[in-house]
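The values are calculated or read from the model by the stated rules, or taken from the named source; none is laboratory data. Since we're looking at a predicted model, the values are computed, not measured. Please note: Cβ atoms are built from the backbone with ideal geometry, for glycine as well, and neighbour counts cover all protein chains shown. Remember, those area values only see protein heavy atoms, side chains included, never the ligands or the DNA or RNA. Shrake-Rupley method; radii C 1.70, N 1.55, O 1.52, S 1.80 Å.
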Amino acid sequence: MTATAPAPSPARAARATAYLPRLALVLAALLASLFTAASPASAHAALTASDPKDGAVVATAPAQVTLSFSEQVAMGDDSIRVMDPQGKRVDTGELRDMCSGSTVRYGTALHSGLPNGTYTVAWQAVSADSHPVSGAFTFSVGAPSATSVSLPDRQAGGGPVGVVYDIARYAAYAGFTVLVGGAAFILLCWRRGSAERPLQKLVVRGWVTLTAATLAMLVLRTPYTGSGKFADVFDLDGLQAVLETKTGASFVSRLLLLGAAALFIAVLFGAYARRQKTSSAAEAVDETGAGDGTGAEAEAEAADEAAKETSDLAFGLAIGGTVVAGGIAATWALAEHASTGIQPGIAMPVDILHLLAVAAWLGGLVALLVALHKVPDIEREAVQRFSKVAFISVLVLAVTGVYQSWRQLGSWSALTGTSYGRLLIIKVSLVAVLVAIAYLSRKWTGRLGEVRSTEDAGAGATGEGPAEVLAGVDVSRETSTGSGSGSDAGSDAGAGADPRRAAQLARQRAAREKAREKQVRDADPGRAGLRRSVLAEAGVAVVLLAVTTVLTSTEPGRAAQLETNRSTAGPAVPNRAVKITLPFDTGGQNGKGTVRLELDPGRVGANTLHLWADGEDGKPLDLPEIKIAFTLPAKEIGPLPVAPDRDAPGHWSASGVQLPLAGEWRIDVTVRTSDIDQTTVQKNVKIG
């Protein structure tokens with residue numbers, strides 16, 4: 001007997017090879033978790049300015065607080081909250097839309113008569129690219145003071161809800177890639193694959209993943225952009241509010257398009273797969289030249305008719321599938337980066353092309369890997385066609401990627417100076433590695449063609465089918481071991497009375513079928529090498545997809561630089577002249593009054609100073625002497641004396657008052673009301 005049991009070591013190696021695709025999926029999940037934990041909801045709309053500014057010290061309480069953003073944001077009446085030092089809200093709770101032209105500004109009014117002290121401004125919004133943003137800052141009236149208000153430590157879109165939401169985002173991108181790429185691989189490269197069960201499962205799983213992820217993001221949207229509590233998924237009012245936003249509309253549109261995609265899948269794997277089988281059978285009969293005369297002509301006409309119907313249906317599926325795939329891709333383009341910033345009318349179509357190219361390349365790569373692993377007789381022509389599709393996809397990715405990078409970065413410095421730029425460098429590097437591995441795959445494809453053509457020639461000489469030659473199946477061995485199929489038939493006849501025996505025979509048949517498939521796969525060295533290189537491509541593609549998903553949730557370089565410039569511009573400066581009021585009491589007769597000081601423009605460099613003195617009755621008080629000094633304690637500068645000139649009774653001024661550095665300056669005003677009655681009053685102000 002020539003049939004022997006396989007050695008343990010090769011069997012273990014075969015099982016290990018069988019688990020490689022599953023291992024790749026596990027690694028993808030781990031990478032997604034790592035990236036999700038490392039990058040919770042980054043800001044996309046940057047706070048570019050505020051009035052009062054962060055850390056500013058203003059002489060009098062402002063009437064309102066305003067915030068300016070780098071792009072459009074969605075805000076509600078409770079989006080801006082202002083608290084006094086004791087934590088009590090001092091805003092009216094009414095949002096003021098002050099946007100005009102390209103300026104995006106919102107504000108809220110403050111109650112009148114606010115006392116001196118430090119006030120906290122906390123805000124949250126949803127940026128135009130659907131990502132939640134939030135922040136907080138402080139300003140002081142008169143002088144800084146202690147405050148019991150703690151700045152919020154939870155970022156918008158963070159926490160457990162943010163982690164689950166981001167995982168759903170990863171799953172949505174992965175599902176879209178597999179769904180579109182798998183269907184494109186079947187229609188463009190290997191139409192016979194529509195009848196193959198492994199590819200059918202792959203595409204259907206991509207559809208299920210994308211649908212489930214979209215539903216999850218829809219119900220999690222309310223807690224993701226708001227409270228961060230899972231219980232809010234049952235908030236119907238919040239869900240209704242989400243449906244009225246651009247992001248909610250994109251989710252609903254995606255679900256409707258996925259309904260159309262389900263119909264596409266049903267036709268592709270139903271009517272089209274059946275016609276493809278019929279057409280292939282007719283072509284096989286036509287090639288063998290079976291029959292002659294009118295019978296052969298009728299068979300040829302039937303084969304031509306079947307091929308024409310199959311081709312027409314394939315054309316219709318290609319057109320419909322492209323429309324549906326483009327529509328699904330547009331739900332991302334209309335709700336994320338492409339819809340905001342500069343040139344959105346160009347950026348959105350470019351983003352759609354970019355997503356479709358990614359899906360055709362990476363999703364097709366996954367489909368090819370499944371076909372090479374599960375289907376023993378995939379034609380080399382299918383691999384060659386995919387090679388051409390991948391090449392075109394890479395060209396589209398390169399062109400659209402360059403435009404997107406220019407649009408989102410804005411400058412060369414943002415390439416290395418922002419998180420977005422650094423992630424973009426990683427993405428480009430991974431694409432380069434993927435292209436290099438793809439080049440090796442093309443070489444293996446060429447070898448596959450040589451081996452297959454040689455063996456096909458051998459098959460023609462021996463009269464055996466190519467599958468038999470590839471597998472190296474010994475037909476005589478099949479019939480000589482255990483009486484071959486005859487004994488199986490006898491066993492099958494008696495298996496009806498013994499269900500356990502029937503199950504055992506079914507397992508044996510399945511094992512033999514798997515062994516034959518493995519023989520076919522392993523008989524071709526080119527096929528084995530191609531499987532390894534495609535598996536390596538798929539591994540890099542998983543990492544690339546994870547990095548791309550992180551990139552879509554990272555603040556673009558343009559906005560990041562605006563925010564960086566704002567935060568590094570130095571200490572905050574009041575947007576108007578520094579005005580302070582200082583009461584004094586020298587202790588003598590007519591020694592009580594008020595000094596009003598104005599420093600214009602209140603910045604580093606030359607300033608103009610005006611000072612007015614009023615008595616208790618509010619009338620100008622003509623003092624015999626008044627002195628002013630500026631001190632910057634943090635830099636040990638000063639006191640810098642200023643001797644103002646008397647312009648009128650109770651009014652003094654000085655021009656060219658130089659303040660050399662930015663920081664918190666102390667202003668000392670010395671007032672003398674008589675030869676022996678004198679006092680000094682002081683106040684701190686922020687100078688930038």
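In the range 185-206, what residues are over 22 Å from TYR173 (Cα atoms) and either part of a helix (DSSP H, G or I) or not aromatic (Phe, Trp, Tyr) (or both)?
Listed by number, the residues that qualify are CYS189, ARG191, ARG192, GLY193, SER194, ALA195, GLU196, ARG197.
Just checking, how many residues over the range 55-94 are more than 29 Å from PRO583 (Cβ to Cβ) and either assigned to a loop (DSSP other than H, G, I, E, B) or hydrophobic (A, V, I, L, M, F, W, C) (or both)?
So the count comes out to 13.
So LYS88 fits all but one of (1) in contact with a strand residue (DSSP E or B) (Cβ under 8 Å, 6 or more places away or on another chain); (2) at pLDDT 80 or above; what number is the exception?
Only one criterion is unmet by LYS88, namely (1).
Let me confirm something: among ALA212, ALA216, ALA195, ALA241, which residue is touching a residue at least 24 places away in the same chain (Cβ under 8 Å) and in contact with a Ser or Thr (Cβ under 9 Å, 6 or more places away or on another chain)?
ALA195
Within the range 149-170, can you find the residues that are open to solvent by 30 Å² or more (accessible area, probe 1.4 Å) and either modelled with pLDDT of 80 or more or touching a Phe, Trp or Tyr at 6+ places or on another chain (Cβ under 6 Å) (or both)?
PRO160, VAL163, VAL164, ILE167
Before we move on, is THR36 open to solvent by less than 30 Å² (accessible area, probe 1.4 Å) and either assigned to a strand (DSSP E or B) or modelled with pLDDT of 80 or more (or both)?
Answer is no for this residue.
I'd like to check something: does the range 617-638 contain any residue that is open to solvent by 40 Å² or more (accessible area, probe 1.4 Å), acidic (Asp, Glu) and touching a residue at least 24 places away in the same chain (Cβ under 8 Å)?
yes
Restricting attention to the range 178-212, which residues are among the aromatic types (Phe, Trp, Tyr) and either open to solvent by 40 Å² or more (accessible area, probe 1.4 Å) or under 27 Å from VAL252 (Cα atoms) (or both)?
Correct list: TRP207 only.
Give the residue, chosen from GLY341, GLY364, that is modelled with pLDDT of 90 or more and either closer than 22 Å to PRO198 by Cβ or open to solvent by 20 Å² or more (accessible area, probe 1.4 Å) (or both).
GLY364
Just to be sure I understand the filter: pairs with C-beta atoms under 6 Å, separated by 6 or more residues or on different chains, first member in the range 313-342 and under 15 Å from ALA260 (Cβ atoms), second member of a type in the set (S, T, N, Q) and at pLDDT 85 or above. Which pairs pass?
THR331/SER250; THR331/SER253
Only one residue in THR118, THR60 is closer than 27 Å to GLU664 by Cα, open to solvent by 60 Å² or more (accessible area, probe 1.4 Å) and modelled with pLDDT of 80 or more. Which one?
Matching residue, one of THR118, THR60: THR60.
Considering only residues that are within 21 Å of VAL242 (Cβ to Cβ) and charged (D, E, K, R), look in the range 63-84 and name the one that is modelled with the lowest pLDDT.
ASP77
Can you tell me which residue within the range 590-616, out of those that are surrounded by fewer than 17 Cβ atoms within 10 Å (Cβ to Cβ) and of a type in the set (Asp, Glu), is farthest from SER653 (Cα to Cα)?
Among those that are surrounded by fewer than 17 Cβ atoms within 10 Å (Cβ to Cβ) and of a type in the set (Asp, Glu), it is GLU616.
Looking only at residues in the range 408-430 that are within 19 Å of the chain's Cα centre (by Cα) and of a type in the set (Val, Ile, Thr), which one is least open to solvent (accessible area, probe 1.4 Å)?
THR418
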